[in-house]
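Just so it is clear, none of the values below were taken in a lab; they were calculated from the coordinates. What you see is a predicted model; the values in this text were computed from it and never measured. Note that we place each Cβ from the backbone using ideal geometry, even for glycine, and neighbour counts take in every protein chain shown.
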């Protein structure tokens with residue numbers, strides 16, 4: 001085709017690209033993309049809250065999951081099933097079976113991903129809680145009150161589930177919630193014994209006016225010691241978990257490398 005034949009297609013492509021860029025620029029500047037993203041997040045949060053209220057997501061730490069990775073994983077599986085139906089074009093019974101299977105696989109992926117995310121959030125709280133308890137004891141020893149020391153601890157901790165929980169407790173009076181109600185809500189969201197002990201110490205200090213620095217320091221040292229024991233237990237289990245790949249994959253390869261000359265010699269002798 002000559003250059004003159006490419007000109008109409010080039011003009012149409014340029015005009016379409018310019019219109020598309022103009023529409024995208026207008027959508028970005030007007031905030032429509034941000035509004036659509038916020039609407040999608042609110043929609044998924046509403047469904048997450050519905051599942052929590054119905055008791056479907058009843059595993060520990062389900063209230064701490066805030067990301068949309070779980071929903072995205074299930075929705076991608078379901079969308080993949082729909083794309084497969086469009087491309088393959090099976091019969092009606094097979095299409096119905098594939099659609100139901102894709103929906104079940106997506107639901108299972110959402111459930112398993114939620115459980116994994118909840119476990120990660122619980123492990124994050126368990127790892128940072130000793131540091132938070134120790135920092136709060138230091139600040140209370142310096143003369144700060146429990147509320148002020150908790151605000152400083154929230155600022156000092158890295159962003160994560162523990163800083164979010166303590167931040168909600170620290171901001172409870174600002175948003176019109178009593179400290180006792182905020183602590184009770186946080187206790188129900190995080191089913192960890194160490195975290196509940198930490199909240200009990202804070203609540204007793206505010207209610208009775210007793211010094212909490214020594215109790216928080218002892219709690220921090222005890223949690224550090226339990227984390228050391230947990231790490232030793234995991235290290236001991238690692239040796240057992242290595243047996244399967246060792247026996248199935250590594251030992252046969254080693255035996256094959258060692259015995260291959262003998263096997264080749266035997267085959268050669270048998271061939272003679």
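One Cα centroid belongs to the range 97-113, the other to the range 232-260; the line between them spans 35 Å. Taking the average, over residues, of other Cβ atoms within 10 Å as the packing measure, peptides 254-261, 101-108 rank 101-108, 254-261 from highest down. Going by neighbour counts of Cβ atoms within 10 Å, the residues 171, 187 line up, fewest first, as 171, 187.
Treating only the Cα positions of the range 124-231 as identical point scatterers, give the base-10 log of I(q)/I(0) from the Debye formula at each q in 0.11, 0.12, 0.22 Å⁻¹. Debye output, listed in q order: -0.30, -0.35, -1.30.
Each peptide among 132-140, 73-81, 243-251 gets the average number of other Cβ atoms lying within 10 Å of its residues, and from highest to lowest they stand as 132-140, 73-81, 243-251.
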